1. Using a 7 Å offset from Cα along the direction of the beta-carbon, what are the separations from A:I344 to the same position in each other copy, nm, ascending?
2. How much length, in nm to one decimal, is gained on full extension between A:E337 and A:K277, taken as 0.36 nm per residue of separation minus their Cα-Cα distance?
3. When Cβ neighbours within 10 Å are restricted to other protein chains, what is their mean count per residue of peptide A:104-117?
4. In Å and from the alpha-carbon atoms only, list the Rg and Dmax of segment A:42-104.
5. Using +1 at the Cβ of each Lys and Arg and -1 at the Cβ of each Asp and Glu in segment B:45-170, identify which of B:T161, B:C137, B:G52 lies farthest towards the dipole's positive end.
6. Relative to the Cα centre, what is the charge dipole magnitude of segment A:182-350, using +1 at the beta carbon of each Lys and Arg, -1 at the beta carbon of each Asp and Glu, and rounding to the nearest 20 debye?
7. In nm², what is the average projected area of the convex hull enclosing the Cα atoms of segment B:182-350?
8. Using +1 on the beta carbon of Lys and Arg, -1 on that of Asp and Glu, and nothing else charged, what's the dipole of segment A:93-160 about the Cα centre, debye to 20?
Number of protein chains: 2
Amino acid sequence: MESLVLHRNTTTLENPAEKQPTPLSELGEFKLIERLTKKLTSRNKNVVKGIGDDAAVIKTGGKEVLLVTSDMLCEGVHFDLLYSPAMHLGYKAVVVNLSDIFAMNGEPQQVTVSLGLSNRMSVEFLEELYKGMQLACEQYNVEIVGGDTVSSQSGLVISITAMGTAGEKEVTYRSTAGENDLICVSGDLGAAYMGLQLLEREKTIFESDKGIQPDLSGNDYILERQLKPEARKDVIAALKLAGIKPTSMIDISDGLSSDLLHLTEGSGIGANIYEEKIPIDPATAMMAEQFNIGPVTAALNGGEDYELLFTIDLKDHEKIAEIPGISIIGHMTGKNEAANLVTISNTVVPIRATGWQAFGNE
Amino acid sequence: MESLVLHRNTTTLENPAEKQPTPLSELGEFKLIERLTKKLTSRNKNVVKGIGDDAAVIKTGGKEVLLVTSDMLCEGVHFDLLYSPAMHLGYKAVVVNLSDIFAMNGEPQQVTVSLGLSNRMSVEFLEELYKGMQLACEQYNVEIVGGDTVSSQSGLVISITAMGTAGEKEVTYRSTAGENDLICVSGDLGAAYMGLQLLEREKTIFESDKGIQPDLSGNDYILERQLKPEARKDVIAALKLAGIKPTSMIDISDGLSSDLLHLTEGSGIGANIYEEKIPIDPATAMMAEQFNIGPVTAALNGGEDYELLFTIDLKDHEKIAEIPGISIIGHMTGKNEAANLVTISNTVVPIRATGWQAFGNE
């Protein structure tokens, strides 16, 4: 073992030649992951797809492939215990992972749950958290098969890995959209983001005004979309029933902009989506107006919708029209084309990834 | 959605009837997991083994079963960046997960890596961390297939899930030791714990004494056992080669005491292990003497050895004797018997789980 040197500045200790360390905020989340993982080499013949999609795809020797995805939620970053009931939080933590399995056109089967806990938490709080996780597992027919429970010096950390299965040929990737394919999205967008804005506003009032309880009534839809989202198992089933296999698919966690760019960049082609076609619930639009936010901005950049964004071949146009709750919002274009938003006034605006920037200097 | 109420005391908000919340420190780690998971029901016909062993065992339809295990490491609890070089830490984080796969008599195949990062970390630090993980993957022929990279408001959190494979009949559980089986352990015990004691002592000196660098020379073995442990892939291979299938197996992460109790309680029988047979490296014994700790105490309660503790049928006695580096430390006894340590002076002492208590009031 090389001789060990203790360091006060623990996070720059590995910086070669004592150069100025590069702060994380200089790179976005996606750039950081790209930089960290670019040197990783594939060494396993059973790995059909490693890093870079909603889930990894692994051959098992059986008829179906294994799908694996992991998500981590940290207190104060991804949730606020002031307004996130423990049971809802447990439910959501499981659901966001299952959503990634559905986005691969798979069926979730098991999860492992690792929790980082601080001493200030009560056993009763954790029981509620587990109750929520268990409820999600019942809802989606999934089983908790393991995990880890450790102490954390700071807040609550929830790290979940979900496993699922799919026929190898049924798996849908981000990178396989074809030119002129139709772009579809399930449900409506932007609601979870507006729910979050509302909760944050009421939290500020609650904290500054001697604990006056906020009036959240009448906003059930957007609050539920934020606090207790669902994964679109029903959409996957409806597509199967209709005999449609999407040519590409992703779930909307970072926002329509970022996630559409994953499809276009992954597939090496462009896209046009139409502002007027983006599905937005009236409750979302109303709250956006209160906040002086364009509803389309909430849909494009808000994230946490856990809806499915997918492309289909033109030949499936009639079939998709028969499935309720699916909107065709545009179409893929050709190679070397950009991803564009065509506004109501017919202006063409290039789409940028303005989703959640984990390490930004906000 | 029920009407939402904001709470200042966020961690007791779910406590029914406003009873006094139960602090986590009232339960040990194992009791807590037991309480949280006892209501979980098995709902998946493919799950051969869920919670309660080193890894879950899942049927895939192929010839081999899937093994899955998750571990979370939190800064300030499981590692200290003052003396843990980033590359070693990355290496260790992967290895401790692979160790659980080997403990099921399996072959690790893939891992997912989720990281919670704080803004104070540099990109260079993370690159070193990844370099260590990649090194472990090369060493054990494993591939990183996914994960998540998020921001954490506190320290570094590393959550890894490892997947592996084994023939269904080759899997070794904690609960299947037989009466009179021989108890074996690989390598030697207590070294990682003494390495930790040394590092903690030198840290205190470093912090109080104006940054004087400690002299850690000559302690390579115990330091490496703490900072850069290995998983016993070689032992699994040697057992296979010798034609021995352990009747039960676990890896020693919490300490010989706790982990032996997992075997005895899981299998419903007792055990006698002999103090004089417990393998301890001279470097461990020497450092234990410096700290006024009994070397056997370090071996019993220290943990983080990542050695394999297993039982074999008496008929395999001669075969096991031919494998270097395996110690027979005792034997299982019968039903309703306790787990005992027989000391050098021939006193019989019941073994208690005195391993790491995650939520204790230390």
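1. For A:I344, the other copies' label points sit at 8.6 nm, shortest first.
2. 19.5 nm
3. That average works out to 5.
4. 15.3, 47
5. B:G52
6. With only Lys, Arg, Asp and Glu charged at Cβ, the dipole is about 400 debye.
7. The Cα convex hull of segment B:182-350, projected and averaged over all directions, gives 10.6 nm².
8. 200
Each value in this text was obtained by applying a stated rule to the coordinates, not by laboratory testing. Note that the coordinates shown come from a computational prediction; the quantities given were computed from them, not determined experimentally. Virtual Cβ from ideal backbone geometry, glycine too; neighbours counted across all protein chains shown.
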